Amino acid sequence: MSDIAQEAWRKYLIQLQVHPLRTKAITAGCLAGCSDLIAQKISGVKRIQLRRLLLIMLYGFAYSGPFGHFLHKVIDIIFRGKKGSKTVAKKVLLEQMTSSPWNNFFFMMYYGLVVEGRPWGLVRSKVRKDYPSVQLTAWRYVDVLRLAVLAYSWVDKLPVHASAVPGFVSQFRRFVL
């Protein structure tokens with residue numbers, strides 16, 4: 001890794017320790033924006049939809065980053081003092097059974113109502129129709145990156161609340177693409 005990248009990473013890790021909530025909110029917003037930009041390019045749009053991009057970034061900044069921060073603080077409390085691969089599996093299972101359904105539901109509502117600007121009735125019927133398959137897909141394909149980051153964070157390394165684990169990218173991919 002280059003000296004510039006190493007220094008940037010070092011400073012980022014310091015910010016995670018000193019200002020974890022702010023750093024994770026900004027990180028989630030940036031990752032959400034990158035995810036949407038890539039999704040728009042892959043889908044073949046001729047011109048990037050800037051409004052959509054900014055609203056997705058807002059979701060990452062205002063919801064996804066803070067939610068993940070506090071969720072993992074609670075999970076750390078629940079599993080305080082416990083380590084090892086079985087604990088990692090239990091934590092992932094807890095997250096998948098609780099926050100995954102809520103986050104997928106919330107993102108689908110946000111995307112329909114705010115990003116697309118659809119009326120409540122249309123969004124409600126789309127969520128009723130699509131939510132079960134979205135959630136089943138989420139459970140079928142637990143992100144390998146999420147598992148790796150959670151395992152790294154939970155097995156004698158950083159406390160998970162000090163790592164940035166925004167769940168936005170997987171939610172966006174499941175619903176929009």
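The values are calculated or read from the model by the stated rules, or taken from the named source; none is laboratory data. It should be emphasised that the depicted structure is a prediction, and the values quoted were computed from it without experimental measurement. Here the Cβ is made from the backbone with ideal geometry for all residues, glycine too, and neighbour counts use every protein chain on show. Heavy atoms of the whole protein, side chains included, go into the accessibility calculation; ligands, DNA and RNA do not. Shrake-Rupley method; radii C 1.70, N 1.55, O 1.52, S 1.80 Å.
Given the structure, is ALA5 modelled with pLDDT under 95, open to solvent by less than 60 Å² (accessible area, probe 1.4 Å) and not basic (Lys, Arg)?
yes
To keep it simple, each residue is scored yes or no on (1) over 21 Å from the mean Cα position of the chain (by Cα); (2) within 23 Å of TYR111 (Cα to Cα).
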site	(1), (2)
ASP3	yes, no
LEU16	no, no
PRO20	no, no
ALA25	no, yes
LEU31	no, yes
ILE38	no, yes
ILE42	no, yes
ILE48	yes, yes
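Could you say which residue among VAL88, VAL74 is of a type in the set (Val, Ile, Thr), open to solvent by less than 20 Å² (accessible area, probe 1.4 Å) and outside any loop (DSSP other than H, G, I, E, B)?
After ruling out the rest, the residue left standing is VAL88.
Being within 19 Å of TRP102 (Cα to Cα) and open to solvent by 70 Å² or more (accessible area, probe 1.4 Å) is the filter here; which residues of region 19-71 pass it?
LEU58, PHE61, PHE70, listed by residue number.
In region 96-114, how many residues are open to solvent by 40 Å² or more (accessible area, probe 1.4 Å), within 19 Å of the chain's Cα centre (by Cα) and at pLDDT 95 or above?
Residues that pass the stated criteria total 4.
Name the one entry in LEU53, LEU93, LEU37 that is touching an Asp or Glu at 6+ places or on another chain (Cβ under 7 Å) and free of Cβ contacts under 8 Å to residues at least 60 places away in the same chain.
LEU53
Within the group ALA5, ALA28, which residue is under 24 Å from GLY117 (Cβ atoms), hydrophobic (A, V, I, L, M, F, W, C) and either in contact with a Pro (Cβ under 6 Å, 6 or more places away or on another chain) or without any contact (Cβ under 8 Å) to a residue 12 or more places away in the chain (or both)?
Only one candidate qualifies: ALA28.
Could you give every pair whose Cβ atoms fall below 6 Å, whose first residue belongs to region 58-78 and is assigned by the TED database to the domain that holds LEU37 and hydrophobic (A, V, I, L, M, F, W, C), and whose second residue is in a helix (DSSP H, G or I) and open to solvent by less than 60 Å² (accessible area, probe 1.4 Å), counting only separations of at least 6 or pairs across chains?
PHE61/ALA25; PHE61/GLY29; LEU71/SER99; ILE75/LYS91
Does region 115-130 hold any residues that are among the hydrophobic types (A, V, I, L, M, F, W, C) and surrounded by 15 or more Cβ atoms within 10 Å (Cβ to Cβ), and which are they?
Within region 115-130, VAL115, VAL123, VAL127 qualify.
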